[in-house]
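Some notes on the structure that comes next.
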Amino acid sequence: MSKLLRSYLFSDTFGSPSANPLERIDPDAVITTDFRSQIRESVRREFDIYHDSEQTAHLLRMIFELDSNAVDEYRSSFRETYLSSTIGILINVAPRNKKGSNGEPFYIATARNGRIRVVTTPIDALAPIKHEIETLEHLPNVDNNLYGNNEQFRSSYTPALLYPDHGYTTVAHDNTADVPDPRSDWHVAYVDRFGNVITNAGSSERNRINAAIEEMQDEIKLNINNVEYGPYSTADSLAKAVPGVVSIYSNGNIDIARKWQPNESPAERLEHSAYVQLGRPHIGSRIYLKGIE
C-alpha cells in the first residue's frame, strides 16, 4: 500500500473522558505541532468528535493550510519525499437510518493531485474543502468486499480507503454537486484548550464583520443563541489585548479571546475564558453582531 505520511482519524466511536473542550486533548494544537516540528515523522492520530461532524470543519481547513505552508517552506531533498506521500483524513459520524440499517455510505474525496485523501460519512463534512476536491467517489454499503452487509462498525474498516491502492470497488461521481457549499455566515468554528473561541465566515462576510468591529472599537456586542454578550473590545492581536478583558481580533479567522491576568491560576483562566463568558457555545453556533443587519 502507498505510504501515508500522516493520518488523522476523527470519529464518534473512539470515546473520551469529556466532550468539554477545556478538558480534552486539543486536535488543533496536536496537528499543528505535527506539521511544524514532526514533519519528517509518520504520525497517526485519533480524536473523538462526539457525534458532530461540524467539529471537523475548522480542522480540515487548518490541515489544508498547514500542508500549503509545508510545501512552501521545504527547499531540501525532503520536499520531494513529502510531495510523494499521502495525508489521510477519516471523518466518521454515522447514525443508522430509521430502519436500523447503515445510513450514508463512506465517500472518498481527493485533493492536491491526490496527495490528500478524505474518507467521510456524512458527505456534508466535505463542504469546507469543496473547492479543493478533484475526485469524488463512494463505497457502496453492501457487497463491497470490505465489510459485511450488516456490519455495525463500518468505521473500523474504512480507514483502509485512505490508501490510494486500497483495492475495493467504488462508485465515481461526475462532479461535487452533492457536496454542500461551505458556510458563509459568521459562526463558532472551534474552541481551543484555553477557551479561546475561533470563528469563521465567508470572505465577504468576514470583511464586513471586521470593518464593523473596527468601527465599534470597545462597544462590540454579540448575540449567540438569542443571548446578548458584551460589550467587548477590539485588539490588533491577543498579545496587545488588555489583560482580563475579552477581545476580538482578526487572525486569519476572527478570534474571541481573553488575555490572562498576572497571577491567575490555571483554573481561574479557564473559568473566565471567552468560551465560558459566551455561554459555552456549541461548534457551529451562529454569531450576530449587534448594530448591523
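A few remarks follow.
- Members of the range 218-250 found to be part of a strand (DSSP E or B) and surrounded by fewer than 13 Cβ atoms within 10 Å (Cβ to Cβ), listed by number: Val227, Glu228
- Total residues in the range 152-165, condition touching an Asp or Glu at 6+ places or on another chain (Cβ under 9 Å) and assigned to a loop (DSSP other than H, G, I, E, B): 1
- Selection status of Arg36, modelled with pLDDT of 95 or more and open to solvent by 30 Å² or more (accessible area, probe 1.4 Å): no
- Of the strands (runs of 3 or more DSSP E) lying entirely inside the range 83-151, those carrying at least 2 residues that are under 17 Å from the mean Cα position of the chain (by Cα) and either within 30 Å of Ser203 (Cβ to Cβ) or at pLDDT below 95 (or both) are 86-92, 106-111, 116-121.
- Residues of the range 210-269 that turn out to be more than 14 Å from Gly291 (Cβ to Cβ) and β-branched (Val, Ile, Thr), as a count: 7
- Inter-residue pairs, beta-carbon under 8 Å, first more than 25 Å from Ile116 (Cβ to Cβ) and in the range 4-22, second open to solvent by 30 Å² or more (accessible area, probe 1.4 Å) and aromatic (Phe, Trp, Tyr), 6+ apart: Ser16/Tyr50; Ala19/Tyr50; Leu22/Phe194
- Restricting attention to the range 15-28, the residues that are open to solvent by 30 Å² or more (accessible area, probe 1.4 Å) and over 22 Å from Met62 (Cα atoms) total 3.
- The single residue among Glu23, Glu73, Glu46, Glu65 that is acidic (Asp, Glu) and modelled with pLDDT under 90 turns out to be Glu73.
- Residues of the range 164-217 satisfying the condition of being open to solvent by 70 Å² or more (accessible area, probe 1.4 Å) and within 15 Å of Ser250 (Cα to Cα): Ser203, Ser204, Asn207, Arg208, Glu214, Glu215, Gln217
- Only one of the numbered conditions (1) touching a strand residue (DSSP E or B) at 6+ places or on another chain (Cβ under 8 Å); (2) without any contact (Cβ under 8 Å) to a residue 60 or more places away in the chain; (3) among the hydroxyl-bearing types (Ser, Thr, Tyr) is not met by Ser204, and that is (1).
- Any hit, the range 268-278, residues being within 21 Å of the chain's Cα centre (by Cα), in a helix (DSSP H, G or I) and within 21 Å of Arg61 (Cβ to Cβ): yes
The values are calculated or read from the model by the stated rules, or taken from the named source; none is laboratory data. All values reported here derive from a predicted model rather than from experimental measurement. Counting neighbours? That spans all protein chains shown, and the Cβs are built from the backbone with ideal geometry, glycine included. Heads up: the accessible areas ignore ligands, DNA and RNA and are worked out on the full protein's heavy atoms, side chains in. Shrake-Rupley method; radii C 1.70, N 1.55, O 1.52, S 1.80 Å.
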